[in-house]
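Asks: Before I ask anything, let me first share the structure, which is written out below as structure tokens.
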Amino acid sequence: MTAQVITVTSGKGGVGKTTAVANLANALAMDGKRVVCIDGDIGLRNLDVVMGLENRIVYDLVDVIEGRCKLKQAMIRDKRYPELYLIPAAQTRDKNAVSPSDMVRICNDLRPDADFVIIDSPAGIERGFRNSIAAADRVLVVTNPEVSAVRDADRVVGILEAEEKGSPALILNRLNPALVKNNDMLSAEDVLDLLGIQLIGIVPEDETVIIGSNRGAPVAADGKSRAGQAFRNIAKRLQGQDVPFMDLEPQGGLWSALQKITGRK
Amino acid sequence: MDFFTRKRSSASSAKERLRLVLIHDRTDLTPEEMEALKDDLLKTIARHIEIDPETIQIGLEKDGREQRLVADIPLRGNARRRTG
Ligand SMILES: Nc1ncnc2c1ncn2[C@@H]1O[C@H](COP(=O)(O)OP(=O)(O)OP(=O)(O)O)[C@@H](O)[C@H]1O
Ligand SMILES: [Mg+2]
């Protein structure tokens with residue numbers, strides 16, 4: 001077996017790439033998979049804090065590339081899951097410290113001993129993005145149901161197609177079901193229709209995500225978190241399982257009361 | 001949907017605006033360039049057959065991730081070939 005390399009990217013910044021990587025990695029590890037995450041956001045390291053591993057960093061990606069340490073030495077083991085690792089980004093300002101071929105080489109070195117390698121791409125369509133997609137077997141594009149985020153996602157999808165990376169799958173993050181119901185937010189159908197790519201998951205706007213990131217504990221492990229559930233479902237789909245999409249009706253309304261009565265929940 | 005002011009829902013304006021923006025992003029044609037293209041097409045067609053410019057529809061349509069230029073040109077009942 002050899003690992004599948006998955007890159008999470010978006011075009012627009014701040015839509016939830018790092019959150020998605022941390023949660024998918026945790027959810028895959030919960031399913032017993034061997035996972036290595038790579039923070040591809042050189043100069044703006046963040047995946048370490050979202051995963052709660054910032055105090056364990058000794059070496060980083062650029063140290064590996066420049067030969068200051070072995071690959072294994074830069075792999076930080078997760079606190080909860082012994083088969084989950086993070087390779088942190090360097091905080092260097094030299095964006096050229098990493099090249100696409102470096103990423104391909106590192107991923108090839110990781111493939112034999114992992115099930116999934118998940119790369120957190122920086123925002124934008126520059127060097128860091130190119131590095132992050134270089135080794136990808138599969139690309140996930142994260143967007144929010146907002147005009148600018150969808151527009152930037154479309155640009156990225158166009159570039160991925162032009163680079164023959166195949167059609168990416170969409171994670172629609174921060175969907176607010178109450179706003180959609182009120183016709184004040186693009187629905188998942190709207191976004192899919194506009195982008196014309198396949199959907200791999202819808203993650204609701206959920207305050208537990210922020211609480212989890214405060215603690216450095218991704219919500220995938222929180223059985224009560226709706227966003228956590230959504231990420232666990234996406235992780236199952238990445239493993240090839242057919243998981244139905246969550247029912248994202250507004251919480252606490254008449255609808256969910258009815259569903260409770262009729263036992264559909 | 002505000003019935004009295006007939007204001008469209010913000011989601012449908014978002015979708016419509018995105019639809020147009022994506023077409024132009026994907027084809028790299030500005031709205032002005034698109035208008036110029038339509039004008040040229042109409043002029044060319046009118047050199048060969050009689051048409052009523054009012055009834056003609058030319059626009060970009062989306063088919064999945066592909067864009068196509070679609071022209072709908074009704075011909076007049078007695079559309080004669082223009083001579084000369
Ligand atoms: N489903 C969600 N519900 C609520 N908050 C969310 C959700 N997803 C992400 N967030 C919050 O949005 C912010 C941005 O998320 P994140 O850092 O993952 O985005 P990013 O795409 O990695 O950003 P950048 O482009 O800067 O790398 C964070 O504060 C995160 O906690
Ligand atoms: Mg990030």
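The values are calculated or read from the model by the stated rules, or taken from the named source; none is laboratory data. Note that the coordinates shown come from a computational prediction; the quantities given were computed from them, not determined experimentally. Virtual Cβ from ideal backbone geometry, glycine too; neighbours counted across all protein chains shown. Side chains are part of the model used for accessible areas, which takes the heavy atoms of the whole protein and leaves out ligands, DNA and RNA. Shrake-Rupley method; radii C 1.70, N 1.55, O 1.52, S 1.80 Å.
Asks: What 222 nm value per residue comes from the helices of chain A, counting each DSSP H run with n ≥ 4 as -39,500 (n - 2.57) and dividing by all residues, nearest 500 deg cm²/dmol? List each step's numbers first, then the result.
Replies: Values: 11 runs with 102 residues, N = 265.
Estimated from H runs of four or more residues: -11000 deg cm²/dmol.
Asks: Rounded to the nearest whole Å², what accessible area per residue is found for the protein assembly as shown with the 1.4 Å probe? Walk me through the intermediate numbers first.
Replies: Numbers: 18140 Å² over 349 residues.
That works out to 52 Å² per residue.
Asks: Ok, one more. On each of the three principal axes of the Cα atoms of the stretch A:21-174, give max minus min coordinate, whole Å, ordered largest first.
Replies: Ordered largest first, the stretch A:21-174 gives principal extents of 40, 34, 27 Å.
Asks: May I ask you to derive the relative contact order of the stretch B:30-83, considering only C-alpha pairs under 8 Å and at least 6 residues apart, and to give it as an integer percent?
Replies: 35
Asks: If you average the alpha carbon positions of the stretch A:1-56 and of the stretch B:44-71, how far apart do those two centres end up, in angstrom?
Replies: Going from one Cα centre to the other spans 47 Å.
Asks: Grab the other residues whose beta carbon is less than 14 angstrom from that of residue A:162, score K and R as +1, D and E as -1, and report the net.
Replies: Once all neighbours under 14 Å are counted, the net charge is -2.
Asks: Same structure, new question: Of A:95, A:12, which has the most accessible area and how do the rest follow, probe 1.4 Å?
Replies: On the way: A:95 115, A:12 65 Å².
Result, largest first: A:95, A:12.
Asks: Using only alpha carbon pairs under 8 Å that are at least six residues apart, calculate the relative contact order of chain A and give it in whole percent.
Replies: Values: 532 pairs, mean separation 64.1, N = 265.
Here the relative contact order equals 24 percent.
Asks: Taking beta carbons within 10 Å but only from partner chains, what does the mean come to for residues A:189-195?
Replies: Mean shielding by partner chains, rounded to a whole number: 4.
Asks: Local charge sum around residue B:74 (other residues, Cβ-Cβ under 13 Å, Lys/Arg +1, Asp/Glu -1)?
Replies: Cβ neighbours under 13 Å give a net charge of -3.
Asks: Need one number: % antiparallel among DSSP beta bridges in the protein assembly as shown, to the nearest 5.
Replies: 30
Asks: When N counts the residues of chain A, how does its alpha-carbon radius of gyration compare numerically with 2.2 N^0.38 Å, as a ratio?
Replies: 0.99
Asks: How much net charge surrounds residue A:77 when only the other residues with a Cβ under 12 Å from the Cβ of residue A:77 are counted, with Lys and Arg +1 and Asp and Glu -1?
Replies: Neighbour charge sum, excluding residue A:77 itself: +3.
Asks: Then there's this: With a 1.4 Å probe on protein heavy atoms only, work out how much accessible surface B and A bury together, total over both chains, in Å² to the nearest 100.
Replies: When B and A are taken together, about 1500 Å² of accessible area is lost.
Asks: Using protein chains only (no ligands, no nucleic acids) and a 1.4 Å probe, work out which residues of the stretch A:148-166 have their accessible area cut by at least 40 Å² relative to the chain alone.
Replies: Buried by the other chains: A:151, A:154.
Asks: May I ask for the distance between the Cα centers of the stretch A:62-80 and the stretch A:210-232, given as a whole number of Å?
Replies: Centre-to-centre (Cα) distance: 26 Å.
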